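Visitor: First the structure, which I've put down as structure tokens, then a few questions once you've had a look.
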Amino acid sequence: MQRILVFGATSAIAAAAARVWAGRGARVYLVGRHPGRLQAVTDDLRVRAGAGGVERIGSATADLDDLAAHPALIEQAVAWLGGLDVVLIAQGTLPDQAACEAEVATALREIHTNALSVISLCTLLANRLAGPGRGCLAVISSVAGDRGRQSNYVYGAAKGMVSLFLQGLRNRLHAHGVAVVTIKPGFVDTPMTASFKKGPLWATPAQVGQGIVAACDARRDEVYLPGFWRLIMAIITSVPEAVFKRLKL
Ligand SMILES: NC(=O)c1ccc[n+]([C@@H]2O[C@H](COP(=O)([O-])OP(=O)(O)OC[C@H]3O[C@@H](n4cnc5c(N)ncnc54)[C@H](OP(=O)(O)O)[C@@H]3O)[C@@H](O)[C@H]2O)c1
């Protein structure tokens, strides 16, 4: 039975991935910040898990901005699961870019949540994952981390830091048989993007959740979800800086 730990489990994308794992018999431990939303995700997964749902689906509330609490949180989760095969790290916030430009503290708080909390967890978890062929660390970064744009470069910088950190960690853990999977979604219709106008490029949390589980199964290095974003980002990152800085993106 796969033992799966999900951080930021109340995220629409993470909950969708957890539903797939729970439905196919995994043992899943959910860490989320908002008690009511976490309880709703936990209850839903227990129902999907069927008989033994309460024993297979556990949860804990935590504000992941509190880095000092990470070691005990991981201990507790690993003890409950009886080991650790797959981890998904999903917490994130979409900053108000103008507020980040106006106040340093706001920009740093966003970087703390979107990058530092992730790097703290990855550093601790890298030493706890199961060995060759089983251990898998998946983290939701973003296409926004591939290139800085004026409309959201604080978020993009945090996600870019995560992507680069994961690249190095993957290089380090390869020799230990542990997969590090960088997830780069494009536009996904979730509470984070509730106020955005939707269009043909948008995906559902269920599509992205399934893509995450498939990427972990295949032990991929990096996936764009949906996959067409790889082409879009290849075009965006190939635009020369002298041209790019003149664009309103
Ligand atoms: N939606 C998109 O278009 C898109 C695109 C690319 C990447 N992503 C990334 O995908 C991930 C999941 O986002 P989503 O789209 O599923 O949006 P979402 O439903 O709003 O999920 C974001 C989650 O992060 C949690 N979170 C934020 N700060 C936290 C903290 N300090 N401690 C614990 N949990 C915290 C939130 O918890 P609460 O329930 O307590 O608020 C929420 O569950 C994020 O990393 C996001 O950056 C999203």
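Visitor: Near Lys197, which aspartates and glutamates are there with a Cα under 12 Å away, not counting those fewer than 8 places off in the same chain?
Guide: Within reach: Asp189.
Visitor: Next up: At a 1.4 Å probe, what is the % contribution of carbon and sulfur to the accessible area of the chain? Walk me through the intermediate numbers first.
Guide: Details: 6700 of 11480 Å².
Its accessible area is 58 percent carbon and sulfur atoms.
Visitor: For labels at Arg128 and Glu101 in the simple 7 Å Cα→Cβ model, what's the distance in nm?
Guide: 4.0 nm
Visitor: Among Glu241, Glu110, what's the order by accessible area (1.4 angstrom probe), most exposed first?
Guide: Details: Glu241 115, Glu110 25 Å².
Largest accessible area first, the list is Glu241, Glu110.
Visitor: What helices does the chain have that are whole DSSP H segments, at least 24 Å long along their own axis by Cα, and with mean Kyte-Doolittle hydropathy of -0.5 or more?
Guide: Values: long enough: 153-173 (29 Å, 0.35).
Sorted by number, the helices that extend far enough and score high enough are 153-173.
Visitor: Given a 1.4 Å probe, how much area per residue of the chain is accessible, in Å²? Let's see the in-between values first.
Guide: Working: 11480 Å² over 249 residues.
With the other protein chains kept in place, the chain gives 46 Å² per residue.
Visitor: Could you grab the relative contact order for segment 3-244? Cα pairs under 8 Å, six or more apart, rounded to a whole percent. The partial results should precede the final answer.
Guide: Numbers: 424 pairs, mean separation 46.7, N = 242.
With pairs under 8 Å counted, the relative contact order is 19 percent.
Visitor: Here's something else I'd like to know. Taking chymotrypsin sites (Phe, Trp or Tyr not before Pro) that fall in a DSSP loop and have at most 14 other Cβ atoms within 10 Å as cut points, what is the longest piece of the chain between them?
Guide: On the way: sites that count: Phe196, Phe228.
Value returned for the longest uninterrupted segment is 1-195.
Visitor: Give me the mean projected area, in nm² to one decimal, of the convex hull enclosing the Cα positions of segment 1-121.
Guide: On the way: hull surface 29.4 nm².
Projected over every direction and averaged, the Cα hull of segment 1-121 covers 7.4 nm².
Visitor: At a Cα cut-off below 18 Å, give the aspartates and glutamates reachable from Lys159, other chains included and same-chain residues fewer than 8 away excluded.
Guide: Counting by Cα, and skipping residues close in sequence, Lys159 has these aspartates and glutamates nearby: Asp65, Asp96, Glu101, Glu110, Asp146, Asp221, Glu222.
Visitor: Still on this structure, I have one more. Can you tell me the Rg and the Dmax, both Å, for the Cα atoms in the chain?
Guide: 17.7, 60
The values are calculated or read from the model by the stated rules, or taken from the named source; none is laboratory data. The structure displayed is predicted, hence computed values, not measured ones. With ideal geometry, Cβ positions are generated from the backbone for all residues, glycine too; neighbour counts draw on all protein chains shown. Ligands, DNA and RNA are excluded from the accessible area calculation, which covers all protein heavy atoms including side chains. Shrake-Rupley method; radii C 1.70, N 1.55, O 1.52, S 1.80 Å.
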